[in-house]
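Take a look at the structure below.
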Amino acid sequence: MHHARPLPAYLVNRYHGWKATVYTENRGWYRRLAEDGQHPRSMVISCCDSRVHVTSIFGADQGEFFIHRNIANLVPPFNPDGHHHGTSAAVEYAITGLKVAHLIVLGHSGCGGVEGCYNMCSGKAPELEEASSFVGRWMDILRPGFADLPDGDDASRKQALEKASVVISLENLMTFPFINAAVESERLSIHGLWNDIGEGSLEGYDPKTGQFKPL
Ligand SMILES: [Zn+2]
């Protein structure tokens, strides 16, 4: 592999700053993390979006959350077809290996992936319909959510689709036999959240009403 290049200086400098301060002041704690292994209580599935910052929202430290990020925080249905399934692999390890007690799907406002799905399903993004589009084929997971959107303006319908990405992911999680069994035996609870980035607000999915309400 001769294509890799050294890190840009600004990242090297930031790293040395962290090593000299945060790391040095907490060296014992980092050593213990390394020796004890990880025992996170929760797994979080969130979007790749750089503004979604789950550890900040919950004030979480290293070792607390097992985090998987993908475009639009989606979980595909259980499909053991022998192909590459990064999200399903992360979920499998969290539940059967780490035995986390909580599995949280976190959606967010202004999600570009969800907007792409919205445009694709509206016929405005033919490039996403191509078989070769990784984003388009990934967003197929959310297609059923578009069909169920209420009437309204584009902004409110996109936000409803962001929340549908959370609910569909929760539904798909339950198609995994090891998740279904863990939920039924109360070893695991699953949770749906949606984060308004500009407002800093967090809404939780209420299965009784099928709606999200502020925490
Ligand atoms: Zn997003």
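Nothing in this text is a laboratory measurement; each read-out follows from the coordinates by a stated rule. Keep in mind that what you see is a predicted model, and the values were worked out from it rather than measured. Cβ placement follows ideal geometry from the backbone for every residue including glycine, while neighbour counts extend to all protein chains displayed.
A few notes on this one:
- Environment charge at Gln62 (Cβ cut-off 15 Å; Lys +1, Arg +1, Asp -1, Glu -1): 0
- C-alpha center-to-center spacing [the stretch 163-195, the stretch 17-53] in angstrom: 25
- Only beta bridges with both residues in the chain are counted; by DSSP, about 30 percent of them are antiparallel.
- Point-charge dipole on Cβ atoms (K/R +1, D/E -1) for the stretch 116-181, about Cα centre, debye to 20: 140
- Over the C-alpha trace of the chain, radius of gyration and Dmax come out as 19.2, 56 angstrom.
- Two-site label geometry, His191 and Asp81: point separation in nm, points 7 Å out along Cα→Cβ: 3.3
- Extension gain for Glu127-Leu98 works out to 6.5 nm (0.36 nm per residue, less the C-alpha to C-alpha distance).
- Span-like helix ranges in the chain, DSSP H, alpha carbon extent 24 angstrom or more, Kyte mean at least 0.0: none
- 20 Å Cα-Cα threshold exceeded, pairs from Lys124/Lys158; Lys163/Lys213; Lys158/Lys208; Lys99/Lys163: Lys158/Lys208; Lys99/Lys163
- Here Thr87, Thr21 are placed in order of increasing Cβ neighbour count within 10 Å, fewest first, which gives Thr21, Thr87.
- Near His108, the amide H atoms lying under 5 Å from its own belong to Asn195; only residues 5 or more places off or on other chains count, and H is placed 1.01 Å from N.
- Database remark: amide H of Asp49 closer than 5 angstrom to the amide H of Ala72 (H placed geometrically; neighbours at sequence offset of 5 or more, or on other chains; Pro and chain starts carry no H).
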